[in-house]
Amino acid sequence: MQMGRVGEKLGIDFVISTGDNFYENGLKGVHDQAFEESFTDIYTAQSLQKPWYLVLGNHDYRGNALAQLSPVLRKIDSRFICMRSFIVNAEIVDFFFVDTTPFQKKYWTHPGKHQYDWRGVVPRGKYIANLLKDLDEAMEKSTAMWKIVVGHHTMRSVSDHGDTKELLKLLLPVLKENGVDFYINGHDHCLEHISSRDSPIQYFTSGGGSKAWRGVFQPNKDKLRFFYDGQGFMSLQLNQEQAQFTFYDVSGNSLYQWSSSKTGSSQPSTYLDDEE
């Protein structure tokens with residue numbers, strides 16, 4: 001598997017999943033065979049025997065969402081670390097994982113034939129307000145050189161789902177206020193890099209795990225740097241001064257590389273962009 005090969009080459013520390021961990025409708029329960037069939041038995045490469053940090057996607061909420069959050073799964077496979085919203089502190093970087101599915105109003109008002117597992121989330125307004133307050137406070141306290149937010153839903157996207165207006169309205173101001181560097185998401189089944197035109201934030205979509213080739217392109221107001229309407233994955237290498245993103249196709253070929261350098265510790269940081 002190409003992810004395993006790239007992971008070995010880079011000597012990765014952990015893996016991030018941007019949600020929709022189990023298709024089509026999440027897990028039925030903690031003993032659902034889909035957990036091992038779609039996770040444990042798939043990611044067998046030695047380099048991928050590292051912690052996996054996962055957020056929930058909308059498809060996960062269509063099943064038993066609490067099952068994915070259960071410690072029972074960690075007993076089956078200790079790599080699987082899935083929570084609603086949480087922080088991973090890796091010294092030079094803080095990763096803020098955000099539960100974005102409850103933000104989307106249509107899942108509440110127009111669920112169609114789908115049922116969403118809102119246990120622990122209702123009432124929506126209070127849940128989102130508390131989430132944003134806790135996130136803002138945690139970001140204010142963060143002293144990490146890099147601040148990265150991970151969520152399932154797109155903030156900016158030129159593909160099928162497009163921008164998520166609820167996130168632009170409610171979540172993005174918190175990110176801008178706290179000098180967040182990157183927002184990484186899934187949801188749209190493609191690979192893309194979009195630069196904000198009114199802040200240093202960079203948006204990266206890595207949602208090419210399955211069901212790609214949508215054939216949809218809808219530009220938005222921000223600057224599109226890269227778009228691949230197909231399957232693949234992304235790597236991120238970070239040190240004190242530089243972040244380097246690479247997108248790969250399913251054969252492990254590098255499709256696009258972008259790096260950002262930070263100089264000095266004052267906000268706003270100076271960004272030196274280097275595209276290949």
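Could you work out the relative contact order of the chain? I mean the mean sequence separation of Cα pairs under 8 Å and 6+ apart, divided by the number of residues, in percent.
13
Among DSSP beta bridges whose residues both lie in the chain, state the antiparallel percentage, nearest 5.
Antiparallel bridges make up about 65 percent of those DSSP assigns within the chain.
Over region 179-256, average the accessible area per residue using a 1.4 Å probe and give it in Å², no decimals.
Solvent-accessible surface per residue comes out at 40 Å².
Tell me which label goes with the value of percent of Cα pairs over 34 Å apart computed from the coordinates here: (1) 19; (2) 13; (3) 30.
(2)
From the helices alone, meaning DSSP H stretches of at least four residues, give me the mean residue ellipticity at 222 nm for the chain, per-run term -39500 (n - 2.57), in deg cm²/dmol to the nearest 500.
Theoretical 222 nm ellipticity from helices: -5000 deg cm²/dmol.
Output the pairs from 75/211; 133/221; 141/165; 105/141; 147/169 with a Cα-Cα distance over 24 Å in this structure; if there are none, say none.
Beyond 24 Å: 75/211; 133/221; 141/165; 105/141.
What FRET efficiency comes out for residue 88 versus residue 216 if R0 is 41 angstrom and r is the Cβ-Cβ distance? Round to the nearest 0.05.
So the FRET efficiency works out to roughly 0.80.
Order 41-51, 108-118 from most to least packed using the mean count of other Cβ atoms within 10 Å.
Answer by packing, highest mean first, reads 41-51, 108-118.
Give the calculated FRET efficiency between residue 223 and residue 253 to the nearest 0.05, with a Förster radius of 22 Å applied to their Cβ-Cβ distance.
0.35
Suppose the chain between residue 72 and residue 46 were pulled fully straight at 0.36 nm per residue; how much longer would it get relative to their current alpha carbon spacing?
7.1 nm
Hey, any idea what % of the chain's accessible area is carbon plus sulfur with a 1.4 Å probe?
49
Hey, if you put +1 on the Cβ of every Lys and Arg and -1 on every Asp and Glu Cβ in the chain, which of 6, 88, 110 ends up farthest toward the positive end of that dipole?
Among 6, 88, 110, the one farthest towards the positive end of the dipole of the chain is 110.
Could you order peptides 178-186, 22-30 by the average number of other Cβ atoms within 10 Å of their residues, highest first?
178-186, 22-30
The values are calculated or read from the model by the stated rules, or taken from the named source; none is laboratory data. Treat the numbers as computed from the prediction; the structure is a model and nothing was measured. Methodologically, a virtual Cβ is constructed for each residue, glycine included, from the backbone with ideal geometry; neighbour enumeration extends over all protein chains shown. These area figures cover heavy atoms from the full protein model, side chains too; ligands, DNA and RNA do not enter into them. Shrake-Rupley method; radii C 1.70, N 1.55, O 1.52, S 1.80 Å.
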